[in-house]
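Below is one structure, written out as structure tokens; the observations come after it.
The values are calculated or read from the model by the stated rules, or taken from the named source; none is laboratory data. Fair warning: this is a prediction, and the values are worked out from it, not measured in the lab. Glycine gets a Cβ as well: all are built from the backbone with ideal geometry, and neighbour counts include every protein chain shown.
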Amino acid sequence: MSASIPPRPWLILPGSEQIRPFLPVNIAVLTVSDTRTPADDKSGDILAERLDKAGHKLAARSIAADETSAIRAQIESWIADPEIDVVIATGGTGVTGRDVTPEAFEDLYDKAIPGFGELFRMVSFDKIGTSTIQSRATAGVAGGTYLFALPGSPGACKDAWDEILRHQLDNRTQPCNFVELMPRLLEHLARGR
């Protein structure tokens, strides 16, 4: 196992900061847990701190029980909110009977982003080896909102943000990023599909 992933110089090309000014996005953070409270939600805190440090806005934050209906209700309300561009959930992505976050998310997707889970497990493999196979991290788009479901560990949240989301939610990342696609996420509705 390598100690760290080598730098990726294509992420933000030199000088692109001057070409493209940073565009902050509104992000909601959902912690999926039967036991976490706002006082001990370390993974939610990590995501909130990192997105704030990157210049984004924490638009909402909540904790939902490990129940498909509770997760879906919260996610659906955020999808319907025009002030929320991205939802990042932490927790409930394992393989136990109570881990239902992927099912709740995938039922809502207009389009899945399978590469996110694949890339997350690749990044995670360098940190925790084959144990990464137990993660069912997933992502997709629903109603023009990006949805990302991460494992509940603080380390997994750091890895997902630092290695993937920080870059894909930065409109300066080249050759492409999720932010520049936001205006086009609902194109299918205009065409009646």
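Anything in segment 20-47 that is closer than 13 Å to Ser153 by Cβ and either part of a loop (DSSP other than H, G, I, E, B) or of a type in the set (Phe, Trp, Tyr) (or both)? List them, or say none.
Ser33, Arg36, Asp41
Hey, among Ile19, Ile5, Ile88, which residue is of a type in the set (Val, Ile, Thr) and modelled with pLDDT of 95 or more?
Within the list Ile19, Ile5, Ile88, the selection yields Ile88.
All but one of (1) within 18 Å of Leu108 (Cα to Cα); (2) surrounded by fewer than 18 Cβ atoms within 10 Å (Cβ to Cβ); (3) free of Cβ contacts under 8 Å to residues at least 40 places away in the same chain hold for Leu181; state the number of the condition that does not hold.
Checking Leu181 against (1) within 18 Å of Leu108 (Cα to Cα); (2) surrounded by fewer than 18 Cβ atoms within 10 Å (Cβ to Cβ); (3) free of Cβ contacts under 8 Å to residues at least 40 places away in the same chain, the one that fails is (1).
Go through segment 139-193 and report how many residues are touching a Ser or Thr at 6+ places or on another chain (Cβ under 7 Å) and in a helix (DSSP H, G or I).
5
Look at Gly155 and say whether it is modelled with pLDDT of 95 or more, surrounded by fewer than 17 Cβ atoms within 10 Å (Cβ to Cβ) and either within 22 Å of Val25 (Cα to Cα) or within 13 Å of the chain's Cα centre (by Cα) (or both).
no
Hey, could you check segment 35-71 for residues that are touching a strand residue (DSSP E or B) at 6+ places or on another chain (Cβ under 9 Å) and among the basic types (Lys, Arg) and say which is surrounded by the most Cβ atoms within 10 Å (Cβ to Cβ)?
Arg36
Taking only pairs six or more apart or across chains, which ones have beta-carbon atoms under 7 Å, a first residue in segment 52-70 that is over 11 Å from Val29 (Cβ atoms) and modelled with pLDDT of 95 or more, and a second residue that is in a strand (DSSP E or B) and polar (S, T, N, Q)?
Short answer, once both residue conditions are applied: Lys57/Asn26.
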